[in-house]
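Written out below as structure tokens is the structure these notes cover.
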Amino acid sequence: MSVLDRYELLRQDAVNIALAEEAKGVKEVGAQNRGPEIDIYKKRAHSPLTKNHGWCGFFIYYCYSEAAKKFGFPLPFSAGPLWSGPKLRRWAKKNPDFVVNTSPCLPGDIYVMNYGHIGMVVSQSDGTFVNTIDGNQSSMGKGKSVKKQYRNILEMDVLIRVTEAGMFGACYE
């Protein structure tokens with residue numbers, strides 16, 4: 001298996017993990033930004049459970065770290081940059097080899113929306129639209145959940161692709 005193939009597999013496995021979490025019906029239970037699975041995501045990202053941090057980036061980090069553990073591959077980032085959209089944007093500026101500037105979007109591409117939300121591409125759709133999987137999404141007053149979305153890439157501030165090519169110069173924080 002080539003190096004590029006293995007990171008494609010890693011990205012796809014991160015998507016599969018995310019979709020499995022969505023199929024389980026992961027959602028907030030009790031307090032805002034809390035729940036059994038959400039607490040696992042937060043712990044993986046070293047976020048104190050007592051803090052009311054949004055968990056969209058923690059969810060993406062969880063999916064990627066599970067896939068990396070399965071394949072034994074390093075990730076180009078630690079949990080810290082995925083604590084917020086602004087932190088991930090700063091990480092992307094320091095690591096331009098991971099920034100996607102051309103179509104198509106691929107499964108596992110990580111994005112930051114213009115307003116700071118972090119999610120993951122499942123597949124390219126029509127034109128500038130992509131199918132995504134996101135944590136910390138509204139569920140009509142029932143607590144936020146893991147949810148599939150349909151998004152326009154023109155509303156994304158940055159799009160990141162985990163590849164072997166960028167690994168050698170990566171800044172982990």
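Quick look at the numbers
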{"quantity": "Failed item in (1) outside any helix (DSSP H, G or I); (2) over 14 Å from Asn136 (Cβ atoms); (3) of a type in the set (Lys, Arg), with Arg6 passing the rest", "calculated": "(1)"}
{"quantity": "Flag for Val15 being touching a Ser or Thr at 6+ places or on another chain (Cβ under 7 Å), closer than 19 Å to Thr132 by Cβ and of a type outside the set (Phe, Trp, Tyr)", "calculated": "no"}
{"quantity": "Complete set of residues in region 9-54 that are in a helix (DSSP H, G or I) and over 23 Å from Lys87 (Cβ atoms)", "calculated": "Leu9, Gln12, Asp13, Asn16, Leu19, Ala20, Glu22, Ala23, Pro36"}
{"quantity": "Region 84-101, residues that are within 19 Å of His46 (Cα to Cα) and either among the aliphatic types (A, V, I, L, M) or touching a strand residue (DSSP E or B) at 6+ places or on another chain (Cβ under 9 Å) (or both)", "calculated": "Ser84, Gly85, Pro86, Leu88, Trp91"}
{"quantity": "Qualifying residues in region 99-125 (those that are outside any loop (DSSP other than H, G, I, E, B) and among the hydrophobic types (A, V, I, L, M, F, W, C)) - the one farthest from the chain's Cα centre (by Cα)", "calculated": "Val99"}
{"quantity": "Ala14, sole failed condition from (1) under 19 Å from Gln149 (Cα atoms); (2) modelled with pLDDT under 95", "calculated": "(2)"}
{"quantity": "For Ile38: the one exception among (1) within 23 Å of Val121 (Cβ to Cβ); (2) among the aliphatic types (A, V, I, L, M); (3) in contact with a helix residue (DSSP H, G or I) (Cβ under 7 Å, 6 or more places away or on another chain)", "calculated": "(3)"}
{"quantity": "Scope region 68-78; condition surrounded by fewer than 20 Cβ atoms within 10 Å (Cβ to Cβ) and of a type in the set (A, V, I, L, M, F, W, C); matching residues", "calculated": "Ala68, Phe71, Phe73, Leu75"}
{"quantity": "Pairs where the first residue, in region 107-126, is on the phi > 0 side of the Ramachandran plot and the second is surrounded by fewer than 17 Cβ atoms within 10 Å (Cβ to Cβ) and among the polar types (S, T, N, Q), C-beta under 9 Å, 6+ apart", "calculated": "Gly108/Gln12"}
{"quantity": "Residues (surrounded by fewer than 19 Cβ atoms within 10 Å (Cβ to Cβ) and either of a type in the set (A, V, I, L, M) or in contact with an Asp or Glu (Cβ under 9 Å, 6 or more places away or on another chain) (or both)) located in region 51-67", "calculated": "Glu66"}
{"quantity": "Subset of region 11-52 that is among the basic types (Lys, Arg) and over 15 Å from the mean Cα position of the chain (by Cα) - its residue that is nearest to Phe77 (Cα to Cα)", "calculated": "Lys43"}
{"quantity": "Only one of Tyr172, Tyr111 that is aromatic (Phe, Trp, Tyr), modelled with pLDDT under 85 and under 19 Å from Tyr62 (Cα atoms)", "calculated": "Tyr172"}
{"quantity": "Asp97 vs. criteria buried (at least 24 other Cβ atoms within 10 Å of the Cβ), acidic (Asp, Glu) and either under 26 Å from Ala20 (Cα atoms) or in contact with a Ser or Thr (Cβ under 8 Å, 6 or more places away or on another chain) (or both)", "calculated": "no"}
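The values are calculated or read from the model by the stated rules, or taken from the named source; none is laboratory data. Note that the structure is a prediction, hence the values are computed from the model and not measured. Heads up, the Cβs are rebuilt from the backbone with ideal geometry, glycines too, and the neighbour counts pull from every protein chain shown.
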